[in-house]
1. Would you pick out the residues in region 1-41 that are surrounded by fewer than 17 Cβ atoms within 10 Å (Cβ to Cβ) and among the acidic types (D, E)?
2. Just the residues that are polar (S, T, N, Q) and within 25 Å of V148 (Cβ to Cβ), please, taken from region 1-56.
3. Please determine, by comparing only the residues of region 246-284 that are of a type in the set (S, T, N, Q) and surrounded by 21 or more Cβ atoms within 10 Å (Cβ to Cβ), which one is farthest from S57 (Cα to Cα).
4. For P130, state whether it is exposed (fewer than 14 other Cβ atoms within 10 Å of the Cβ) and either modelled with pLDDT of 95 or more or touching a Gly at 6+ places or on another chain (Cβ under 8 Å) (or both).
5. Tell me the residue from A98, A87 that is surrounded by fewer than 18 Cβ atoms within 10 Å (Cβ to Cβ), in contact with a helix residue (DSSP H, G or I) (Cβ under 9 Å, 6 or more places away or on another chain), free of Cβ contacts under 8 Å to residues at least 40 places away in the same chain and not in a loop (DSSP other than H, G, I, E, B), please.
6. Sort out which residues of region 209-225 are at pLDDT 55 or above, surrounded by fewer than 16 Cβ atoms within 10 Å (Cβ to Cβ) and part of a helix (DSSP H, G or I), and write them in order of number.
7. Taking into account only those residues within region 226-245 that are assigned to a helix (DSSP H, G or I) and of a type in the set (A, V, I, L, M), which is surrounded by the fewest Cβ atoms within 10 Å (Cβ to Cβ)?
8. State the number of residues belonging to region 70-84 that are crowded, with 20+ Cβ neighbours inside 10 Å, modelled with pLDDT under 70 and assigned to a loop (DSSP other than H, G, I, E, B).
Amino acid sequence: MKSMTGFGRGIGSLEDGTQVVVEISAVNSKKQAEIRISLPKELYALDPELRAQITKSLTRGTLNVSVTYKLSSAALVERVPIDEEMAKAVCERLRRFALANGLTPPTIHDVLMVPGVIQLSDTTTFVLKPLVQEALAAALKELDATRVKEGAALKEDLLQHANKMEELTDKIIASEHDSLVRYRDKLAERIAKLAVEVPVDEERIAREVAFYADKSDINEETVRLKSHLAQFKGFLDADNDVGRNLDFLCQEMTRETSTLDAKTTDMQLGDMALMLKIELSKIKEQVLNVE
């Protein structure tokens, strides 16, 4: 089981100092993988290939991908042509900014790296492409590692809440008979207070208790709830993407706990039903992060 959130960073480089850096940050999403790639305009043509590479590794989550590069001095020489007018304007603005803020004056490298001043040659683009792919692969590997690590923490937390729900469900089942006894005693007490001299009709009380028992019967809800919890815990051990399955089971458990709570008029059972709903709300919140 993996989390949908995480971060990965990868670097592709050459011996001459040319370097590409890819950073990926992932957050949760109920949709299919939503990929947002920020590329230098010189590398826009690589967008489809990068998306294809990413979707092989991820199925859900919103991913923000940033690709940046730095060329060696030798590679910069190959970048033609240079927009001299733009370069002069950029240089002047950077010089004024540096002077006003007490910074080091811009170098030629700083000016050349401003988008639009120069354009990549086809040769340089060809050189950067494998570096981008290498950096992306490394970033995806690191992202996967962080998602697995966070997924393990999510699994532990979800398992604890699921176990608490099982314990509460067992307590509710065990206390159901006691709730009938409490109802019968309260009913007899009320009748006694209303008419002190009228003998208590045990048969009538028995019928009322039977009616109450039928109306408040939660056997079906508890059986289904325990079944859903067993399936839920089973999915936590799965290696594939289980987020949607867990989300579906949360919806089913919400239905059962809501019906159970609505049927319960006994105060003690009502308190336990409320605790069930609280534990389930914690599970639902965490499931939103599971891939």
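1. Correct list: E15, D16, E34.
2. Taking region 1-56 as the starting set, the residues that turn out to be polar (S, T, N, Q) are 3, 5, 13, 18-19, 25, 28-29, 32, 38, 53, 55.
Passing the criteria: S3, T5, S25, N28, S29, Q32, Q53, T55.
3. The first filter runs over region 246-284 and keeps only residues of a type in the set (S, T, N, Q), leaving 251, 254, 257-259, 264-265, 268, 281.
Now drop any that are not surrounded by 21 or more Cβ atoms within 10 Å (Cβ to Cβ), which leaves 257, 264.
Details: T257: 36, T264: 47 Å.
The residue in question is T264.
4. Yes.
5. Details: A98 fails: in contact with a helix residue (DSSP H, G or I) (Cβ under 9 Å, 6 or more places away or on another chain).
Matching residue, one of A98, A87: A87.
6. The answer is K215, N219, E220, V223.
7. Going through region 226-245, the residues assigned to a helix (DSSP H, G or I) turn out to be 226-236, 243-245.
Those still in the list that are of a type in the set (A, V, I, L, M) too: 229-230, 236.
Values: L229: 20, A230: 11, L236: 17.
Ranking the qualifying residues of region 226-245, first place goes to A230.
8. Start the filter on region 70-84 by keeping residues that are crowded, with 20+ Cβ neighbours inside 10 Å, which leaves 71, 75.
Still in the running and modelled with pLDDT under 70: 75.
Among the residues that remain, those that are also assigned to a loop (DSSP other than H, G, I, E, B) are: none.
Qualifying residue count, region 70-84: 0.
The values are calculated or read from the model by the stated rules, or taken from the named source; none is laboratory data. None of the values given here were measured: they were computed from a predicted structure. Neighbour counts are summed over all protein chains in view; Cβ atoms, including those assigned to glycine, are modelled from backbone coordinates with ideal geometry.
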